[in-house]
Amino acid sequence: MKYIHIAQPGPPEVLQIAEGPTPVPGPGEVLIRVEAAGVNRPDVLQRAGQYPPPPGASPVLGLEVAGTIAAAASDSGWHEGDRVCALVPGGGYAEYCLAPGVQCLPAPRGISMQEAAGIPETFFTVWANLFQLGHLTAGERILVHGGTSGIGSTAIQLARTFGATVYATAGSEEKCRACERLGAERAINYRELDFAREFREIDLVLDMVGAPYTPRNLQVLAPRGRLVQVGLLQGAEATVNLGRIMQKRLTVTGSTMRPRPIAEKGEIARELHSRVWPLVESHAVKVLVDRVFPLAEAAAAHRYMESGAHIGKLILEV
């Protein structure tokens with residue numbers, strides 16, 4: 001099979017097409033004939049040598065795919081020919097990819113396979129962090145940083161659909177208007193306005209920026225508010241006022257998806273299927289795809305992601 005190989009850690013140009021053996025599913029696994037794969041920020045970090053795959057995971061990039069099951073273990077819950085999208089620990093930038101059966105979901109009806117490939121990484125992450133960990137409820141106010149990223153665009157839509165009032169930050173006026181079209185009550189350009197001056201009494205902040213935002217995130221939270229961290233784009237070490245956390249009874253939490261046990265990811269998949277899949281199939285919640293690249297142009301996709309110009313997901317067509 002063809003796949004994208006990292007010649008050595010470095011810039012996008014280190015990504016090259018290579019050929020290797022097709023993997024064979026083990027117990028509980030399926031082999032997916034990949035039609036499309038999502039491109040995510042962790043892929044960029046792994047390519048640069050800053051985010052090694054967990055033990056036992058494929059060294060090939062790619063954390064989400066959509067395609068047709070080519071082979072399935074008898075205990076996987078799936079059959080050859082099923083059309084699925086899947087969250088995978090690695091291996092997505094390839095013609096074939098292994099996935100635990102419990103981390104697969106039926107490809108939603110009424111959307112393309114390119115759109116389906118843009119679902120798993122962001123939807124798993126948003127559901128786990130906003131609703132399971134952050135306990136977001138109807139009537140609350142949420143601030144989403146990076147509102148036009150894959151995670152941000154998904155968070156805005158799901159939070160709005162489940163009854164929250166959504167605010168967002170983004171890096172241009174064009175991106176701010178995109179956030180508002182997705183359902184944000186208001187979006188501000190963080191290059192021009194300080195979100196800590198613009199927003200108050202926020203119940204939940206979803207942040208992927210990290211250290212420089214942390215003190216201000218705590219500042220905008222209402223009493224009993226929650227800061228949920230899903231990324232550290234600008235650093236992990238922050239100085240905070242612990243007194244503010246105590247006085248306002250704040251919760252600071254967060255998580256990563258890739259190292260979680262398979263059983264936990266399976267539980268997230270079940271909740272997504274019952275609570276979110278009807279919204280996707282009715283187009284109440286959409287997968288925002290910015291651009292589709294051929295697999296052989298994975299380096300161009302990475303360059304585009306690093307430019308920060310995208311609005312929504314980047315997809316590789318296999």
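Structural descriptor for region 123-254: relative contact order 22 percent, calculated from alpha carbon pairs under 8 angstrom and at least 6 residues apart. Taken along the Cα-to-beta-carbon direction at a fixed 7 Å, the label points for LEU45 and ASP75 span 3.2 nm. For the chain, a Gaussian network of Cα nodes joined below 10 Å ranks ILE32, ILE17, ILE142 by mean-square fluctuation, and the top entry is ILE17. Computed from the Cβ-Cβ distance with R0 of 51 Å, the FRET efficiency linking LYS2 to ARG244 stands at 0.45.
What range in the chain is the longest one free of GluC sites (Glu not before Pro) that are in a loop by DSSP and have at most 10 other Cβ atoms within 10 angstrom? Result for the longest clean stretch: 1-191. Of all beta bridges that DSSP places with both ends in the chain, some 55 percent have antiparallel geometry.
Based on C-alpha pairs under 8 angstrom that are at least 6 apart in sequence, region 1-132 has a relative contact order of 27 percent.
When mean projected area of the Cα convex hull in nm² is computed from the coordinates, the matching label among (1) 18.4; (2) 15.1; (3) 17.3 is (2). At ALA138 and ALA263, where each label point lies 7 Å from the Cα along Cα→Cβ, what is the point-to-point distance in nanometres? About 3.3 nm separates the two model spin labels. In region 236-304, taking the dipole from charged Cβ atoms about the Cα centre, the farthest positive-side position among VAL287, PRO261, ALA301 is held by PRO261.
Mean-square fluctuations from a GNM of the chain, with a 10 angstrom spring cutoff on Cα atoms, peak among GLY231, GLY38, GLY118 at GLY231. Bridging of LYS248 to aspartates and glutamates at a Cα separation below 13 Å is possible for GLU201, ASP203, once same-chain residues fewer than 8 apart are set aside. Estimated from helices alone, the mean residue ellipticity of the chain at 222 nm is -7500 deg cm²/dmol (sum of -39500 (n - 2.57) over DSSP H runs with n ≥ 4, per residue).
No value in this document is a laboratory result; all are computed from the given coordinates. These numbers were taken from a predicted model, which means no experiment stands behind them. Quick reminder, even Gly has a Cβ in these numbers, built from the backbone with ideal geometry, and neighbours come from all protein chains shown.
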